[in-house]
Amino acid sequence: MVNITIDGKQMTVEEGKTILEVAKANGIYIPTLCYHPKLRPIGSCRLCLVAIEGREKPVTACNTPVAEGMVVRTSTPEILEMRKGIINMILSMHPEDCLTCEKAGNCELQECAYNLGVKKGTLPLEAQELPVLKENPFIVRDYNKCIACGRCIRACKEVQCQRVLDLVGKGSEARAGATVGDQEITLEEAGCVFCGNCVQVCPVGALLEKDSLGKGRQWEAKKVRTVCTFCGVGCNLEVNVKDDHIVRVRGYENPLVNDGWLCVKGRFGNDFVESPERIKRPLIRVGEKGEGKFKEVSWEEALDYTAKRLQEVKDKYGKQSIAAFSSARCTNEENYLMQKFMRAVIGNNNIDHCART
């Protein structure tokens with residue numbers, strides 16, 4: 001443990017923590033854009049600059065560890081002017097479409113500008129008109145809004161281990177993209193697995209889920225915590241729901257399971273929920289197998305029919321002739337009953353599950 005002082009507040013903190021981590025834990029606001037708590041801090045945005053007594057130049061709080069006797073000032077007039085200058089520069093090259101931007105109300109650049117009192121960019125910088133890429137079915141990339149914070153690049157490298165993205169271009173054209181040599185390529189060509197973790201860490205509207213566009217602001221959605229049904233890992237999900245429709249899916253930050261990260265199925269594979277092909281009532285086949293003719297019946301009739309047919313098969317061919325395949329979209333209790341039914345009623349162990357790993 002070490003003793004430090006931040007903005008006149010003395011505290012004893014764990015050695016190895018950064019100034020930013022300690023400040024956040026103690027309710028002291030330091031703005032950031034490139035920083036994300038689950039990614040390696042690089043200090044590239046420079047918004048988290050702080051002054052340390054005895055040092056000539058400010059340091060980035062996100063990657064500067066605390067030390068015994070350290071005295072930190074987070075909001076000196078000089079530091080505030082530096083931060084305002086950084087936000088001013090970013091806004092001078094940023095599209096002024098906050099009223100219609102999908103990220104409005106949940107944009108970290110917007111939040112930093114608000115907290116620092118910077119209303120607009122005033123520098124005579126000419127922003128280049130960059131493409132908005134929609135070539136894949138999952139992610140929209142608006143390069144005009146990219147602030148080159150590098151979060152998506154680090155998520156791709158450190159979390160997903162794909163290394164699809166890198167920083168390309170210079171100056172106002174700097175952005176996160178996929179390239180081969182000097183040639184920019186599509187995400188598919190670069191080997192993207194479309195996990196969408198880059199979208200989740202993007203602080204602005206540069207990366208968005210294509211299917212959620214125009215379906216509602218993020219603050220309008222009800223947040224429903226649930227569990228992914230695609231495999232046996234059991235990733236925690238936070239489903240954004242508006243008017244009883246799924247708007248988007250984000251990873252819920254449960255460190256015991258997926259820690260907020262998702263795969264392509266967990267994040268984007270939710271169209272089955274409202275699929276017109278979903279079966280809503282029990283069906284019994286009429287006519288010959290393969291003709292595709294079914295009729296709706298009650299649950300009582302369906303269960304009676306199933307029990308009768310299973311008994312007929314068991315009596316004619318023996319108990320080993322029957323097997324069951326259960327579903328991850330059932331509850332744990334339902335899946336337990338399925339295996340119990342097979343072992344205790346049918347009398348064999350011919351039970352499998354689509355979510356086994």
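The values are calculated or read from the model by the stated rules, or taken from the named source; none is laboratory data. In this text, all values refer to a predicted model and were calculated from it rather than measured experimentally. A quick note on method: Cβ atoms are made from the backbone with ideal geometry, for glycine too, and the neighbour counts reach across all protein chains shown.
Brief remarks follow.
- Applying the set (1) part of a helix (DSSP H, G or I); (2) under 28 Å from Gln160 (Cβ atoms) to Pro31 leaves exactly one unmet item: (1).
So that you can scan it fast, the table gives a plain yes or no per residue for (1) outside any helix (DSSP H, G or I); (2) hydrophobic (A, V, I, L, M, F, W, C); (3) loosely packed, with under 14 Cβ neighbours inside 10 Å:
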site	(1), (2), (3)
Gly287	yes, no, yes
Glu291	yes, no, yes
Gln311	no, no, yes
Lys314	no, no, no
Arg329	yes, no, yes
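- Residue under evaluation Glu96, criteria (1) within 30 Å of Val168 (Cβ to Cβ); (2) touching a Ser or Thr at 6+ places or on another chain (Cβ under 7 Å); (3) without any contact (Cβ under 8 Å) to a residue 40 or more places away in the chain; (4) of a type outside the set (Gly, Ala, Ser), criterion not met: (2)
- Flag if Thr64 is more than 21 Å from Tyr114 (Cα to Cα), at pLDDT 95 or above and not acidic (Asp, Glu): yes
- Scanning the range 103-146 for residues that are farther than 18 Å from Asn197 by Cβ, part of a loop (DSSP other than H, G, I, E, B) and under 21 Å from the mean Cα position of the chain (by Cα) yields a count of 5.
- Ile87 being in contact with a helix residue (DSSP H, G or I) (Cβ under 9 Å, 6 or more places away or on another chain), surrounded by 12 or more Cβ atoms within 10 Å (Cβ to Cβ) and not charged (D, E, K, R): yes
- Summed over the range 1-31, the residues that are of a type in the set (S, T, N, Q) and without any contact (Cβ under 8 Å) to a residue 60 or more places away in the chain give a count of 4.
Yes or no, residue by residue, for (1) among the basic types (Lys, Arg); (2) at pLDDT 90 or above; (3) over 19 Å from Arg141 (Cα atoms):
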position: Gly181; (1), (2), (3): no, no, yes
position: Gln200; (1), (2), (3): no, yes, no
position: Thr229; (1), (2), (3): no, no, yes
position: Gly232; (1), (2), (3): no, no, yes
position: Glu238; (1), (2), (3): no, yes, yes
position: Arg248; (1), (2), (3): yes, yes, no
position: Glu253; (1), (2), (3): no, no, yes
position: Leu256; (1), (2), (3): no, no, yes
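- Extreme residue, surrounded by the fewest Cβ atoms within 10 Å (Cβ to Cβ), among residues of the range 156-214 that are free of Cβ contacts under 8 Å to residues at least 12 places away in the same chain and within 14 Å of Pro131 (Cα to Cα): Ile185
- Within the option set Ile90, Ile42, being under 30 Å from Glu126 (Cα atoms), in contact (Cβ under 8 Å) with a residue 12 or more places away in the chain and out of contact with any Cys (no Cβ under 8 Å at 6 or more places or on another chain) holds for one residue only, Ile90.
- Set side by side, the residues Ala302, Ala324 differ, and just one is under 30 Å from Asn236 (Cβ atoms) and in contact with a strand residue (DSSP E or B) (Cβ under 7 Å, 6 or more places away or on another chain), which is Ala324.
- Of the residues in the range 36-44, not one is modelled with pLDDT of 95 or more, surrounded by fewer than 22 Cβ atoms within 10 Å (Cβ to Cβ) and outside any loop (DSSP other than H, G, I, E, B).
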